[in-house]
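Read-outs throughout are calculated quantities, based only on the coordinates presented, and are distinct from any laboratory measurement. Just so it is clear, the structure is predicted and the values come from calculations on it, not from any experiment. All Cβ positions, even for glycine, are placed from backbone atoms using ideal geometry, and neighbour counts span all protein chains on display.
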Amino acid sequence: MTQFSLKRLAVNPTETIYLNHPKLDAFLSLNKTKEFLANAAADIFSNDNPEYYTPGMELEVLSQGVVRLLINAPATGFKLIFNEKNSTSQGSDVYALEVTKDYVAFLSKNESGPANILATTKSIPALLEPGVDCYYWFSVDKKNKLLKYGKGDATQSLTLLTYSVKENFLKNLKYVGSSLDWSTITKRKIYELPVTIQLPPFVIGNEDITLEDIEAGVITSVGNLPKECQMLHSVVAGPKIILTDEIIVGIRGSLKNGKLKEILDKKGEQHADPKESYLRITLGMDMGYSPGVPFVLELWPGNGHYSPIHTHSDAYAIIKVLHNAIDCFFYPDLRKQDIKPYLKATFKKDQVTYLTPTLYRTHKLYNPTDDFTATLQCYRYASEDKVHYETFDFLNDKLEVDTFVPNTDLTYTQLKDVLKKEGYLTTPLKSKSEAA
Ligand SMILES: [Fe+2]
């Protein structure tokens, strides 16, 4: 069988769809056998609503969770299906999401058409972005009988379509089907918890939680952070994690006309805007469980110094403000299409914030005050993360995604030596091991 006859085989009745079908691409490029081609063609023509299933794309709890995936430069729309079976639903009841360049819809069956539409929107931010890489997510929530859809991080603030199921909710959905061949979707993830309320970025200490907070249900206590964040929090939460007045005065002075200013000016020269610069003072060693040294004291000079928009990939982090305050802007994803923040928060001295691989991971820090700000950043990979992506990604001056290998301007010991030399430190500062 020649390639010419294969193309003819695929031309009837809806030429465009079948010519773009991944299975057709596969057999054209791989020059498979006649039997393989006949089977594949029969499969294609027998199904107007292709559903592909693959191991691993299953909900851990029936009818509860989120599927989030990166669709690379789609030419046409796609569907995602929550199904009881891991085979084509063929007209049976499911919850499906259809994303096209003209509309987005939740469907009660894997068939387009008014009879099966549960909810729909033509809002531009919700639509398919043809030719552009984008994360899309679909949440099913049996306890609250809700379907939700969004782009970027799977979180309430980025929800673009919601449907409250009035009738009996389908309670046995387990498998995630896709109209796209799963081999074309390189980044995909299932989360056990559906998208519900937005946990705020402020971590509240146990001593500050009230009954009213619990009733409102919108607190982030240490206990409801992921275990990786809890581990980091336990190290930095103590009342003695502080900068002394002497060190604060010293940093302020050195940033004005000392060694710290010298280092900062050099870093500023590397950017179109010199204010896109701050100092990284590392504490301890790289232990191998974080991108770079896990504990970093970051110094943000006043009057508008800032970081680029960057993402922490699959790391967890805790950030504690040790001096002054910092503005934090949060973004749906690291893309030039997402440079408008969806949330801004100001964190003051002693306040703690966090980020996870699924929430608040793309951000920009900015110091609008006239004094410097000091923050302590702590990072950790997920325990089950064996890949350890060693860089932070950021948007450069051209709004292209670039990579940054976490580096050190000074260690904390070197910082104290600088401040001593410049005459700011008189009190000996010793660690417990030095003092012993
Ligand atoms: Fe960051």
Considering the zone a paramagnetic label at residue 400 would reach in this model (a point 7 Å from Cα along the Cα-to-Cβ line), which residues of the stretch 252-286 have amide N under 19 Å from it? 270-273
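Rounded to the nearest 20 debye, what is the charge dipole size of the stretch 202-435 about its Cα centre when +1 sits on each Lys and Arg Cβ and -1 on each Asp and Glu Cβ? Could you put the intermediate results ahead of the total?
Numbers: 27 positive and 33 negative charges, 109 e Å.
Rounded to the nearest 20 debye, it is 520 debye.
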Rank-order 220-229, 398-407 by packing density, defined as the average count of other C-beta atoms within 10 Å over each peptide's residues, highest first. 220-229, 398-407
Stick to Cα atoms and the Kirkwood definition of Rh, then tell me Rg/Rh for the stretch 173-251. 1.19
Residue 269 versus residue 371: modelled label distance in nm, points set 7 Å from Cα along the beta carbon direction: 3.1 nm
Over the stretch 202-435, calculate the relative contact order: mean separation of alpha carbon pairs under 8 Å at least 6 apart, over the residue count, as a percent. 24 percent
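Measure up 336/364; 256/348; 320/421; 109/189; 320/364; 227/344 against 18 Å on the Cα-Cα distance and list the ones that go over. Numbers along the way, then the final one.
Values: 336/364 14 Å; 256/348 22 Å; 320/421 28 Å; 109/189 23 Å; 320/364 15 Å; 227/344 25 Å.
Exceeds cut-off: 256/348; 320/421; 109/189; 227/344.
Please work out whether the stretch 271-361 counts as rounded, prolate or oblate from its C-alpha gyration tensor, where a ≥ b ≥ c are the square roots of the eigenvalues and a/c under 1.5 means rounded, while otherwise a/b larger than b/c means prolate and anything else oblate?
Cα axes put the stretch 271-361 in the rounded bin.
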In what sequence, highest mean first, do 167-174, 195-202 appear when ranked by Cβ atoms within 10 angstrom? 195-202, 167-174
Using 1/(1 + (r/R0)^6) with R0 = 22 angstrom and r between the beta carbons of residue 420 and residue 349, what's the FRET efficiency to the nearest 0.05? 0.35
Compare the Cα positions of 177, 159, 146 along the charge dipole of the stretch 127-191 (+1 at Cβ of Lys, Arg; -1 at Cβ of Asp, Glu; about the Cα centre) and return the one farthest towards the positive end. 146
Express the Stokes-Einstein translational diffusion coefficient of the stretch 64-191 in µm² s⁻¹, to the nearest whole number, given a Kirkwood radius over alpha-carbon pairs, 25 °C and a viscosity of 0.890 mPa s. 169 µm²/s
Sticking with the crude label model, points 7 Å out along Cα→Cβ, report the distance from residue 122 to residue 184 in nm, one decimal please. 2.6 nm
Using r as the Cβ-Cβ distance of residue 411 and residue 207, and R0 as 35 Å, what FRET efficiency do you calculate, to the nearest 0.05? 0.60
